[in-house]
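Notes follow once the structure below has been shown.
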Amino acid sequence: MKKTTLLWLFLWLFVATAWAQNADSLFIRENYQKYEYYIPMRDGTKLFTHVYVPKDASEQNKYPMLMMRTCYSVAPYGLDQYPTRLGPSPTLMRDKYIFVYQDVRGRYMSEGQWTNMTPHIPNKKSKSDVDEASDTFDTIEWLLKNIKHNNGRIGQWGISYPGFYTVAGALSNHPALKAVSPQAPIGDFFFDDFHHNGAFTLSYFFTYPVFGVQKTKNTPESWFREEGIRTPTRDVYQYLLDLGPLKNANELYKDNFFWKETVEHPNYDEFWQKRGIIQHLKGVKPAMMTVGGWFDAEDLYGPLNVYKANEKGSPGAYNTLVMSPFGHGRWSRDVKGPTLHSNVYFGDNIAQFYQQEIEAKFFRHFLKESGDGKTGLPEAYMFDTGSKKWMQFDAWPAKNTQNLTFYLHENGKLNNQVPQAADSFTEYVSDPAKPVPHTENLRSMGATPFDYMSEDQRFASRRPDVLVFQTDELTEDITFGGEIMARLKVSTTGSDADFFVKLIDVYPGNEPDHPYMPDRKMILGGYQQMVRSEIMRARFRNSFEKPEPMQPNQITDVNFRLQDVLHTFKKGHRIMIQIQSTAFPLFDRNPQKFVENIYKANPEDFIKATHRVYHQQGAASAIEVQVIK
């Protein structure tokens, strides 16, 4: 019966999606006129731009503009070629706006030189001082003067890299730019996407052609495809393990400028620092609604820190945050029916609710209505991934929280009592030659990660090189809402190490399966749902700019922040912490012998090491959380 239900569900979703796309395509052709332009920037560079204008636009019926700037192509190209959707959602498409899509500098049909995370120039002194903020400003100026029947207001949105361009666009502070929504924005490549706390995100290895090959001419084609790596096996775990040290990738990417930059800048030096956008969020004038997904494996650091930085740096500005139970950008899809991430079911029509009741209201208010900031939306619209319902807050982190510390104890215990043992630790052997996989799903290892963020962790908890600490069964619900800090007291027989910490919700043994289980081999009884995780490269424990070795067999503080959560651990569940030193091939392997540059490590630098996590008087490892009262 369950198989039949699941089959009908997938069939229904396929048919419904196909029907919706056909309906959207027809609506676009009937209601929008497409134009193509080359828009000049202040330094003479021209950026290719598509503009879709409602056919009923007139002097009596003016429309605001909604713009997305992207490095991923504004296809389809050609005046007679129309996309299957316009704007952030079908709701906004049908509301009708003048939609603007632009290839950024050096990409596809635009002129200029491409660079990753274009450094922002706060004080521009000449026309040659250009960045994404100036390009946004110049584009808006041109649009206001040349696109007929606009109402003088413009908004900007974008997901992932286009989210970065949206943040940068907000820094232009153009008076016509009234509302921006950076969604899953990249904030800093040393903490988002390609690195986490300095550890290289190895699962991005195959994306380097997209970001590290310059085009030789303006083109509607993806010129970098021929530079892609063709592996001899579909088993990416084994392929990357067999590849060996990262220095062996130099031959594969010998002409890739971004790979060379990555290799030559292993630390958080000026190269990475000047590409961060978050530190520039000061005095932002456009209304900003930052959007993210709690299970976004690519850009979770970005949205949380963009919101917090703008809140601090732009007092008095309209600044809100939305966090939903999705992976990367999935809230933008017109999904009716069940919302799942990995094996976890969160409810029905959640993306549709967000699109209609949150996103559309935001843009409608600032671009079509009074724009006085009285949107009826809260400061923080957050989805509780444990109770599985939307919550509203007037600040984030929420004001009504208390700090609570969970201490690690011997015999795998986890509670709020300070350890009293005089000499207590748990140890494990970490072998770079046999790294812990970050997922059981072999099919997901060859691309940017997705499902692992809420995936069942039983496969890891049963390994000897993964430490497990858990509470007794909870006697009442407890809601973690806000920031999380890992404070580890550790030692190693080597001179460097990684520590990957996971916060896990352990379901009761009698937890029933829901009707939409995507993996028929999975059971939810005893499911260990990952709620949050993060890695810390110990060499960066005191400074991301100046790494330093660990002293063998010496107790060392390794403190780092996990990204925020809003999760209710229910009565009868358990709270679990897992600690390991590899999560492969999500992250690269630490040699565990300190070397100046891990990208240049030799095979003999990779050694087995015994790591200890201490839980004793004076050296008590713990996790600090914020609990909503």
*Among the residues of region 91-103, is there at least one that is more than 28 Å from the chain's Cα centre (by Cα), closer than 21 Å to P175 by Cβ, open to solvent by 30 Å² or more (accessible area, probe 1.4 Å) and of a type outside the set (D, E)?*
no
_From D384, D423, residue being open to solvent by 20 Å² or more (accessible area, probe 1.4 Å), in contact (Cβ under 8 Å) with a residue 60 or more places away in the chain and either under 30 Å from H149 (Cβ atoms) or not hydrophobic (A, V, I, L, M, F, W, C) (or both)_ = D423
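Kindly indicate which of M550, M530, M536 is within 22 Å of the chain's Cα centre (by Cα), hydrophobic (A, V, I, L, M, F, W, C) and farther than 22 Å from W272 by Cβ.
Criteria check complete, one pass: M530.
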*If you take the residues of region 173-221 that are farther than 28 Å from D372 by Cα and polar (S, T, N, Q), which of them is most open to solvent (accessible area, probe 1.4 Å)?*
T216
_Checking the condition within 27 Å of K178 (Cβ to Cβ), surrounded by fewer than 21 Cβ atoms within 10 Å (Cβ to Cβ) and not basic (K, R), which residue from G329, G337, G347, G412 passes?_
G329
*Looking at S491, S495, which is the one that is open to solvent by less than 30 Å² (accessible area, probe 1.4 Å), in a loop (DSSP other than H, G, I, E, B) and either touching a residue at least 24 places away in the same chain (Cβ under 8 Å) or of a type in the set (D, E) (or both)?*
S495
*For W390, all conditions in the list (1) under 20 Å from V335 (Cβ atoms); (2) touching a Ser or Thr at 6+ places or on another chain (Cβ under 7 Å) hold save one; what is the number of the exception?*
(2)
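Just a yes or no: is a residue in region 283-298 without any contact (Cβ under 8 Å) to a residue 60 or more places away in the chain and open to solvent by 50 Å² or more (accessible area, probe 1.4 Å)?
no
Need at least 2 residues that are over 26 Å from F206 (Cβ atoms) and hydroxyl-bearing (S, T, Y) per element, so show me which strands (runs of 3 or more DSSP E) inside region 392-478 make the cut, counting only ones lying wholly within it.
By residue number, 401-408, 425-430.
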*Is it the case that some residue within region 538-552 is touching a His at 6+ places or on another chain (Cβ under 8 Å), open to solvent by 10 Å² or more (accessible area, probe 1.4 Å) and in a loop (DSSP other than H, G, I, E, B)?*
no
*Could we say that E440 is open to solvent by 10 Å² or more (accessible area, probe 1.4 Å), in contact (Cβ under 8 Å) with a residue 60 or more places away in the chain and acidic (D, E) here?*
no
*Would you be able to tell me the number of residues in region 117-172 that are of a type in the set (F, W, Y) and open to solvent by less than 30 Å² (accessible area, probe 1.4 Å)?*
4
*Which of the residues that make up region 218-256 are farther than 23 Å from N597 by Cβ and either aliphatic (A, V, I, L, M) or in contact with a Cys (Cβ under 7 Å, 6 or more places away or on another chain) (or both)?*
V236
*Please work out which one of (1) open to solvent by 20 Å² or more (accessible area, probe 1.4 Å); (2) in contact (Cβ under 8 Å) with a residue 40 or more places away in the chain is the condition F224 fails and give its number.*
(2)
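Just a yes or no: is a residue in region 244-267 farther than 24 Å from P585 by Cα, under 20 Å from the mean Cα position of the chain (by Cα) and modelled with pLDDT of 95 or more?
no
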*Pairs only if they're at least six apart or on different chains, beta carbon under 8 angstrom, first in region 537-554 and farther than 19 Å from R612 by Cα, second modelled with pLDDT under 95; list them, first residue then second.*
F544/G198; P547/G198
_Selection within region 390-408 - more than 24 Å from K308 (Cβ to Cβ) and open to solvent by 30 Å² or more (accessible area, probe 1.4 Å)_ = Y407
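Sort out which residues of region 245-280 are open to solvent by 20 Å² or more (accessible area, probe 1.4 Å) and in a loop (DSSP other than H, G, I, E, B), and write them in order of number.
The answer is N250, E251, L252, K254, D255, H265, P266, N267, Y268, D269, K274, R275.
Based on what the data block shows, is L86 surrounded by fewer than 22 Cβ atoms within 10 Å (Cβ to Cβ), at pLDDT 95 or above and part of a loop (DSSP other than H, G, I, E, B)? Working first, answer last.
Numbers: surrounded by fewer than 22 Cβ atoms within 10 Å (Cβ to Cβ): no; at pLDDT 95 or above: yes; part of a loop (DSSP other than H, G, I, E, B): yes.
Taking the combined requirement at face value, the residue does not satisfy it.
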*Residue that is farther than 30 Å from E59 by Cβ and either polar (S, T, N, Q) or in contact (Cβ under 8 Å) with a residue 60 or more places away in the chain (or both), where the choices are T115, T91*: T115
*asked:* Can you find a residue that is hydroxyl-bearing (S, T, Y) and more than 30 Å from R541 (Cβ to Cβ) anywhere in region 192-208?
replied: no
*Here are some conditions: (1) among the basic types (K, R); (2) in a loop (DSSP other than H, G, I, E, B); (3) open to solvent by less than 30 Å² (accessible area, probe 1.4 Å). K521 meets all but one. Which one does it not meet?*
(3)
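Tell me, which residue of region 585-620 that is among the small types (G, A, S) and more than 29 Å from the chain's Cα centre (by Cα) is surrounded by the most Cβ atoms within 10 Å (Cβ to Cβ)?
Restricting to residues being among the small types (G, A, S) and more than 29 Å from the chain's Cα centre (by Cα), the top hit is A609.
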*Quickly run through region 43-65 and pick out the residues that are over 30 Å from R225 (Cβ atoms) and among the aliphatic types (A, V, I, L, M).*
V53, A57, M65
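The values are calculated or read from the model by the stated rules, or taken from the named source; none is laboratory data. Remember, it's a predicted structure, so these values are computed and weren't measured experimentally. All Cβ positions, glycine included, derive from the backbone under ideal geometry; neighbour counts span all protein chains shown. Accessible surface is based on the protein model in full, side chains and every heavy atom, while ligands, DNA and RNA are left aside. Shrake-Rupley method; radii C 1.70, N 1.55, O 1.52, S 1.80 Å.
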